[in-house]
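First comes the structure, then the notes that go with it.
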Amino acid sequence: MTTDWYTADKAYQAHHSQCNTCRAAGARPGQLQRCPTGQALWDTYNQAGIPPHLMTQAARKGPTT
């Protein structure tokens, strides 16, 4: 099942804004870990694909080879 990017983004941002552990991990990527709930939301967010606003930019640039 593919998650809509907007849904995944909204869910992660809502959690992130309330979780000190996830905020710290976001500020120091690769150095600190998210909480279990935050990590699950972050994984879903990353699996949701390219954000729609970036897809528009990529379409303007054309395919890469």
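Structure values in brief
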{"quantity": "Distance (nanometres) between label positions extended 7 Å along Cα→Cβ at Arg23 and Thr7", "calculated": "2.8 nm"}
{"quantity": "Kirkwood hydrodynamic radius of the range 1-56, Cα pairs, Å", "calculated": "11.6 Å"}
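Values quoted throughout were computed directly from the atomic coordinates according to the rules given, and no laboratory measurement underlies them. Nothing here was measured: the structure is a model prediction, and the numbers come from that model. With ideal geometry, Cβ positions are generated from the backbone for all residues, glycine too; neighbour counts draw on all protein chains shown.
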